[in-house]
Amino acid sequence: MHPSKTHYRVAIVGSGPAGWTAALYASRAELSPVIFEGPQPGGQLTITTEVENYPGYKNGVQGPEMMEDFKEQAKRFGTEVVLDTVTDVDFSRRPFTLRLDAGGSVTADAVIVATGATAKLLGLPSETQFMGKGVSACATCDGFFFKGKEVVVVGGGDTAMEESTFLTKFATKVTIVHRSDQFRASKIMLDRARKNPKIAWKLHASVVEVHGEANGIVALTLKDTKTGQTSRFETGGLFIAIGHSPNTAIFKGKLDMNDVGYLKIKHPSTQTSVEGVFAAGDVADPTYRQAVSAAGEGCKAAIDAERWLAAQGIHG
């Protein structure tokens, strides 16, 4: 599907909670936005099964269903939805130019970047097979579902220590699997994990296979990184905590970002380093990474864009 116009007042790049909320607010403000859904329409929530921590869904909701609700609500107020990916941008002059994967380009007076982040995974087919069915990349999101189970956390940084400590609220035992005995985690986070009696350690080990059944995982194959020997390790859950990659490749050299690639915004606003370009959700949030916080940032970005356009005298 191609865009219906060549120029828009507001273009939104990305279609997770931040993008759809920005679209909802921008469309209700009569800004007639376009949203480019990107390579993963609905974002990270489309690989999430049950979402229980979003207000308003009192019985929980499936991630893909929730994103469909967001989409329909934004469309109701006139958001134009384009199933295409923005492959390049020109923010050096206004109006801004967005080039599309399907060919051609559009211009926009204001742009909201909501391209999100991608959890780094181990790259195993079995890991993908059991994602949301015993394998998770977010302890805060899914820890509750592992009450009374023994689980494994893979990683050696602060994320792994933080998630392991959090999971001890629910799991009977948490085993940290790490490929060496050297950790990137800060001393305070490492010490906290080491002092926790429910946390065990499996060092010089990597996960090479996930074994499961219809209703979840039952074991992992671990490989000793020194000897190469493999062994079976029984567990009821696997949490991948090796970090996230913000989806910002097309903005390198065009928007200010930190050393990992998260976009820098001028808090408390969502303004990026380029006036008229705003960022919302995980793409600018290495800290919280929740659907509800992303939606809140999407709301802020749309309001920031509306006020900026009004200040520029751009009304239609």
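Does LEU24 fit the bill of being under 23 Å from the mean Cα position of the chain (by Cα) and surrounded by fewer than 22 Cβ atoms within 10 Å (Cβ to Cβ)?
On the way: under 23 Å from the mean Cα position of the chain (by Cα): yes; surrounded by fewer than 22 Cβ atoms within 10 Å (Cβ to Cβ): no.
The answer is no for LEU24.
Within segment 6-25, is there a residue that is more than 24 Å from SER293 (Cα to Cα), out of contact with any Lys or Arg (no Cβ under 7 Å at 6 or more places or on another chain) and in a loop (DSSP other than H, G, I, E, B)?
Step one: filter segment 6-25 for residues more than 24 Å from SER293 (Cα to Cα), giving 6-9.
Keeping just the survivors that are out of contact with any Lys or Arg (no Cβ under 7 Å at 6 or more places or on another chain) gives 6-9.
Now restrict to residues that are in a loop (DSSP other than H, G, I, E, B): 6.
Looking through segment 6-25, at least one residue is more than 24 Å from SER293 (Cα to Cα), out of contact with any Lys or Arg (no Cβ under 7 Å at 6 or more places or on another chain) and in a loop (DSSP other than H, G, I, E, B).
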For segment 94-112, state whether one or more residues are open to solvent by 30 Å² or more (accessible area, probe 1.4 Å), assigned to a loop (DSSP other than H, G, I, E, B), at pLDDT 95 or above and basic (Lys, Arg).
yes
Restricting to segment 26-53, what's the tally of residues that are hydrophobic (A, V, I, L, M, F, W, C) and not in a helix (DSSP H, G or I)?
6
Taking segment 41-55 and the residues there that are within 18 Å of ALA18 (Cβ to Cβ) and open to solvent by 80 Å² or more (accessible area, probe 1.4 Å), the one that is modelled with the highest pLDDT would be PRO55
For segment 164-177, which residues satisfy the criterion of being surrounded by 14 or more Cβ atoms within 10 Å (Cβ to Cβ) and not in a strand (DSSP E or B)?
SER164, THR165, PHE166, LEU167, THR168, PHE170, ALA171
Given (1) closer than 30 Å to THR128 by Cβ; (2) among the charged types (D, E, K, R); (3) in contact (Cβ under 8 Å) with a residue 12 or more places away in the chain, ASP69 misses just (3)
The strands (runs of 3 or more DSSP E) lying wholly within segment 178-288 that contain at least 2 residues that are within 25 Å of PRO125 (Cα to Cα), open to solvent by less than 40 Å² (accessible area, probe 1.4 Å) and in contact (Cβ under 8 Å) with a residue 60 or more places away in the chain are 205-213, 216-224, 237-240, 244-246
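Looking at segment 113-123, which of its residues are open to solvent by less than 30 Å² (accessible area, probe 1.4 Å) and either part of a strand (DSSP E or B) or not small (Gly, Ala, Ser) (or both)? Don't jump to the end; show me each part of the working.
Here is the first cut: in segment 113-123, the residues open to solvent by less than 30 Å² (accessible area, probe 1.4 Å) are 113-114, 116-117, 119.
The answer is VAL113, ALA117, ALA119.
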As an exercise: evaluate TYR8 against (1) farther than 18 Å from GLY116 by Cβ; (2) touching a residue at least 60 places away in the same chain (Cβ under 8 Å); (3) open to solvent by 20 Å² or more (accessible area, probe 1.4 Å) and give the number of the one condition it does not meet.
(3)
Inter-residue pairs, beta-carbon under 6 Å, first farther than 16 Å from ALA26 by Cβ and in segment 99-127, second among the basic types (Lys, Arg) and at pLDDT 95 or above, 6+ apart:
SER105/ARG99
Look through ALA18, ALA29, ALA114 and report the one residue that is in contact with a helix residue (DSSP H, G or I) (Cβ under 6 Å, 6 or more places away or on another chain) and farther than 23 Å from ASN247 by Cα.
ALA29
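The values are calculated or read from the model by the stated rules, or taken from the named source; none is laboratory data. As the structure is a prediction and not an experimental result, all values here were calculated from the model. Here Cβ is always computed from backbone atoms with ideal geometry, including for glycine, and neighbour counts include all displayed protein chains. Please note that ligands, DNA and RNA were not included when accessible areas were found on the heavy atoms of the full protein model with its side chains. Shrake-Rupley method; radii C 1.70, N 1.55, O 1.52, S 1.80 Å.
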